[in-house]
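Written out below as structure tokens is the structure these notes cover.
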Amino acid sequence: MNWRNTSLRAVAEVALGRQRSPQHENGSHIVPYLRAANIKDGALDLSDVLEMNFTPKEQDTFALRPGDVLLTEGSGSRSVVGASAVWRGEIGSTVCFQNTLLRLRARPEVIDGRFLAWWAQAARDSGTFASIAEGANIYHLSAEKVRQLPLRLPPLGMQRRIAEFLNVETSRLGESWHALIQLRALLLERRAAAVHAFVSGAHSSGEMVPSGLPWTSDIPKHWRVSRLGLLAQMGSGHTPSRSKPEWWRERTIPWITTGEVSQLRDDRREVLTETRELISVVGMANSSAELHPAGTVVLCRTASAGYSAIMGAAMATSQDFVTWTCGPRLNPYYLLWCLRAMRSDLLGRLAMGSTHKTIYVPDLQALKVPVPPLDEQSSIVARIQENNSSLDATVDAVSRQINLISERRKALVMAGVNGQLEMHAA
């Protein structure tokens, strides 16, 4: 097919953006610039574009042109470094780029810019960029190593046909992908709405009355509203002093910390059975940490604020959590789903802070919940679990289709830039 071996250096200019520093925050030549946060796996996110000063001479060096391919220069994951997007002049003014990005600028006499953009995506997906990334916790791509990368190049006419073919086919796949993403989001919204309806009694056939609660308007007349503290014993946790190594020996007690974030964020998980960390009996005795019995409901009030679970065994927690050990009038699983139904209210009304949201203990002490009869609580929990099981199976089927489309797209791009597509010469 008349493909030839060459290097990226021979077909494109590779440049690193300019470093951000306080001296560039002010000046008479303030212009927008792009950074790694603006690259979203094949697309640009221009919802948060920052500005800094670039002199006219610097603008000659760092200004972007339509068709420039931008790569993320660093990442905490090898598989993510080198994510790319194409600048198409979306902002109608001079726009530069920061040193968290590398710019690939095609030499138009030897490579089509669209083909170069597809090659960059394939290089990330195939692990080519990961193979040259260096670092420990953060992996970086050096401009020089990127310049040295080999690539196979067909004649310009075939590059254009391959790029056009990939544009059309990936657009078609993208439409299906986005439709499935929207469907999955709709299913998850329906799941959350059903939980809210169940714990607020919306399915009850009896008379409804105002609840007085901020997160649900009405409840069945035969239910009542009670302060949570009257139905469950509230507790919290603590971290034993790290300066006392003897308190951290012979650790045997499961200890819930912010390390359980991924588990707590999974609303399919009701019961927390394992923790990343343990504390010792001595450590607990020398701190404000408490051992809570199995069945205790735990709520994170700092990182991942508002997320909750049930302890599957006796456990302690760090100070980032509050707990409720339910009394005889409250089913812990019903409480769990109540807390999940009111999560948006907890975050919107009670959580404080701009970057790191925190729900303070006095606000949690004042929480009120709707309280149906105990047998009805059990029935509600069973109906939630049954409904969730059905919806989750559908969500899983949709997710598999999303993954299949993503893999098909990657395979198609790889085949295109590696000469494995049936493309006829002009």
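The values are calculated or read from the model by the stated rules, or taken from the named source; none is laboratory data. Treat the numbers as computed from the prediction; the structure is a model and nothing was measured. As a convention, Cβ positions derive from the backbone with ideal geometry for all residues, glycine included, and neighbour counts pool all protein chains shown. Heavy atoms of the whole protein, side chains included, go into the accessibility calculation; ligands, DNA and RNA do not. Shrake-Rupley method; radii C 1.70, N 1.55, O 1.52, S 1.80 Å.
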List every residue pair whose Cβ atoms lie under 9 Å apart, where the two residues are 6 or more positions apart in sequence or sit on different chains, the first residue falls within segment 1-13 and is part of a strand (DSSP E or B), and the second residue, located anywhere, is open to solvent by 100 Å² or more (accessible area, probe 1.4 Å). Arg4/Arg152; Asn5/Arg152; Thr6/Arg152; Ser7/Gln148
Take the residues of segment 358-371 that are in a helix (DSSP H, G or I) and open to solvent by 70 Å² or more (accessible area, probe 1.4 Å): which is farthest from Leu339 (Cα to Cα)? Pro362
Determine the pairs where a residue that is surrounded by fewer than 15 Cβ atoms within 10 Å (Cβ to Cβ), located within segment 388-417, has a partner that is outside any helix (DSSP H, G or I) and of a type in the set (A, V, I, L, M) with Cβ atoms under 6 Å apart, the partner being 6 or more residues away or on another chain. none
Does at least one position in segment 88-106 carry a residue that is open to solvent by less than 60 Å² (accessible area, probe 1.4 Å), under 17 Å from Arg9 (Cβ atoms) and aromatic (Phe, Trp, Tyr)? no
Failed item in (1) under 26 Å from Val261 (Cβ atoms); (2) at pLDDT below 95, with Ile402 passing the rest: (2)
Gly206 being without any contact (Cβ under 8 Å) to a residue 24 or more places away in the chain, in contact with a strand residue (DSSP E or B) (Cβ under 6 Å, 6 or more places away or on another chain) and of a type in the set (Gly, Ala, Ser): yes
Looking at (1) β-branched (Val, Ile, Thr); (2) open to solvent by 40 Å² or more (accessible area, probe 1.4 Å); (3) under 20 Å from Asp45 (Cβ atoms), find the lone condition where Val69 falls short. (2)
Trp324 vs. criteria touching an Asp or Glu at 6+ places or on another chain (Cβ under 9 Å), open to solvent by less than 20 Å² (accessible area, probe 1.4 Å) and closer than 30 Å to Pro210 by Cβ: no
With segment 199-285 as the region, which strands (runs of 3 or more DSSP E) entirely inside it contain at least 3 residues that are surrounded by fewer than 17 Cβ atoms within 10 Å (Cβ to Cβ)? 208-213, 224-227
Selection from segment 107-122 of residues that are in contact with a strand residue (DSSP E or B) (Cβ under 6 Å, 6 or more places away or on another chain) and open to solvent by less than 10 Å² (accessible area, probe 1.4 Å): Leu116, Ala120
Of these, Leu374, Leu346, which one is open to solvent by 60 Å² or more (accessible area, probe 1.4 Å), over 30 Å from Phe165 (Cα atoms) and free of Cβ contacts under 8 Å to residues at least 60 places away in the same chain? Leu374
For Ser79, work out the one condition from (1) within 24 Å of the chain's Cα centre (by Cα); (2) buried (at least 21 other Cβ atoms within 10 Å of the Cβ) it doesn't fulfil. (2)
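Could you list, in sequence order, all residues of segment 235-262 that are over 18 Å from Met284 (Cα atoms) and touching a strand residue (DSSP E or B) at 6+ places or on another chain (Cβ under 7 Å)?
Result: Gly259, Glu260.
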Here's a check for you: in segment 123-156, which residue that is open to solvent by 30 Å² or more (accessible area, probe 1.4 Å) and more than 28 Å from the chain's Cα centre (by Cα) is nearest to Ala411 (Cα to Cα)? Arg152
Ala194 assigned to a helix (DSSP H, G or I), open to solvent by less than 40 Å² (accessible area, probe 1.4 Å) and over 27 Å from Gly416 (Cβ atoms): yes
